[in-house]
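The values are calculated or read from the model by the stated rules, or taken from the named source; none is laboratory data. From a predicted model like this one, the values you see are computed outputs, not experimental measurements. A quick note on method: Cβ atoms are made from the backbone with ideal geometry, for glycine too, and the neighbour counts reach across all protein chains shown. Remember, those area values only see protein heavy atoms, side chains included, never the ligands or the DNA or RNA. Shrake-Rupley method; radii C 1.70, N 1.55, O 1.52, S 1.80 Å.
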Amino acid sequence: MAILQDVRVLDYSRYIAGPFCGMLLADLGADVIRIEKVDGGEDRYYQSVTEDGQGATFMSLNRNKRGMTLNPRKPEGQEIQRRLVATADVVIANVPPETLASMGLDYATLSAIKPDIILTTSTAFGSGGPYGSRVGFDGVAQAMSGNMHLTGYEEPLKNHLPYVDYATASLNAVATLAAIIHRMRTGEGQHVEGCLLGSALTIANGVLIEQAVLEKNRVGTGNRGQTSAPSDLFRTRDGWVLVQVVGDPLFERWAKLMGEPHWLEDPRYATDELRGDNGVDISERTLVWAAERTTAQAMDELAAARIPCGEVLTPAETFANEQVVDQEFFQPVDYPGLSRPAPLARMPLDFSGADTGIRRRAPTLGEHTDAILAELGYDSAMIGGLRARRVV
C-alpha cells in the first residue's frame, strides 16, 4: 500500500532542494506532477548524460513523478493552474518570494482557490532580513555556516556533494507531512518554509555552540577530526581507509588493535576532547599500522575489532561494493536516449508495511501534459490550441 496514495502534489521546483522533497513524497505514493517551463526547466539539462542533453540529477530527483509543461504567466495558463490547484493538496516551489507572487503561487493566492492547500517553499536565506531577496545555492550556505572554514586546511574547502540542498529538502518533506497531519486534524492548510542557510546552521549547530561558549576558534585540519581520535583518513598499501573512533570503549578497542595499552594510561589521551587535541600523535600511529596492510586486510581487522571504518571508493567502485550490491541500493531504470539503464538510488528507508519502490522513471519534457489536461476537462482540440499558443 502506498502511504500517500490519495495526496496530489504540484511540484514547481527546480535543481535539488525542491525536487528531492517532491521525490520523497512521490516515493511515499503521492501523485506528484512536476511542472516545467514550455522549453524545460534549467535543471532538466544540468549534468547531461544523453545526446539531447537530459541531465543525471533530473533523472535521479524526478522519478515516480508525472510531468507537464505550463506557462502560468499567460491568462490561459493561469486558468489551468487554478484548475490544478483546486485538485491539489500540496504545492512545492523554491523560488524567491517575489517570483512566487508573480507566478500566482503565493499562499494567499493559492488558499483563495483551495482553502486547505499546503504550500512548501524553500529559499536561500529565509524570506526576510537583509538577505531575504538574494538567491543562492548549496555552496553559499556551506560557506556561511562555518563548514568550509573547518573542512579545508589553510584554504577553505567546499563539500563536493550538496549536502545542504538534500538536508533542506528532507526537512521540507518532514514539514509537509506534518502539515498534512495537521490538516487531517483541523482542516487547515498552511505555508511551511525551509531555507538553505537555516539547514546548514542546524547541521553546524554543535560546532557553533562550542565556538560561542569556549571560543575555540578552530581551523581546518582536513580529514583529521578535532574532537576525538583516531578520526582520519589513512593510506594503505593499495588504497585508503577512513577510521572514526568516538568514545572510550572504541578507543580501548583501537589501543588493543595496536597492541599498545600505554595509550590508555597516558593522561594526554584520557578523553575524546584530549584525544582530539592530540590527534596528530594518534593519527601518526594509525598511519604506520595502515601502511603495513592492504585495504582489505585493514578493513577486515578494523571490522573484527568493531571499529567504525570504510574504504575510500571511486564512484565506479561504489557500484561493485559488496554491501551496496547486497542491499540493492541502486535500481536500474531506463530513460529515453540513455545508452544503458541509469542506476537510481532507491529510497534509503525500508517500511515493513508500505511500498516505496521506483514505479516510473523521470518524465520526459511534457510527457503527461495531455493526460493531466484531460483530467482537468480539456478535450484534444483545446489541448492542441494550448500547445499552438505555447501555453503548455
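Considering only residues in region 226-249 that are within 17 Å of V288 (Cβ to Cβ) and in a loop (DSSP other than H, G, I, E, B), the one that is most open to solvent (accessible area, probe 1.4 Å) turns out to be R237. For region 304-332, which positions are in a helix (DSSP H, G or I), open to solvent by less than 60 Å² (accessible area, probe 1.4 Å) and either within 16 Å of N223 (Cα to Cα) or not polar (S, T, N, Q) (or both)? Matches in region 304-332: V324 only. Scan region 312-344 for residues that are touching a strand residue (DSSP E or B) at 6+ places or on another chain (Cβ under 6 Å) and of a type in the set (A, V, I, L, M) and the total you get is 4.
The strands (runs of 3 or more DSSP E) found wholly in region 46-154 and carrying at least 2 residues that are buried (at least 16 other Cβ atoms within 10 Å of the Cβ), among the aliphatic types (A, V, I, L, M) and touching a residue at least 12 places away in the same chain (Cβ under 8 Å) occupy 90-93, 118-123.
Looking only at region 250-269, residues that are under 35 Å from the mean Cα position of the chain (by Cα) and either of a type in the set (F, W, Y) or open to solvent by less than 80 Å² (accessible area, probe 1.4 Å) (or both) come to 3 in all. Taking the stated definitions as given, is E301 under 30 Å from E210 (Cβ atoms) and not in a loop (DSSP other than H, G, I, E, B)? No. When region 1-30 is filtered for residues that are more than 19 Å from S122 (Cα to Cα), within 20 Å of the chain's Cα centre (by Cα) and not aliphatic (A, V, I, L, M), the ones remaining, listed by number, are D27, G29.
When region 36-45 is filtered for residues that are closer than 19 Å to I372 by Cβ, open to solvent by less than 10 Å² (accessible area, probe 1.4 Å) and either under 20 Å from the mean Cα position of the chain (by Cα) or free of Cβ contacts under 8 Å to residues at least 40 places away in the same chain (or both), the ones remaining, listed by number, are G41, R44.
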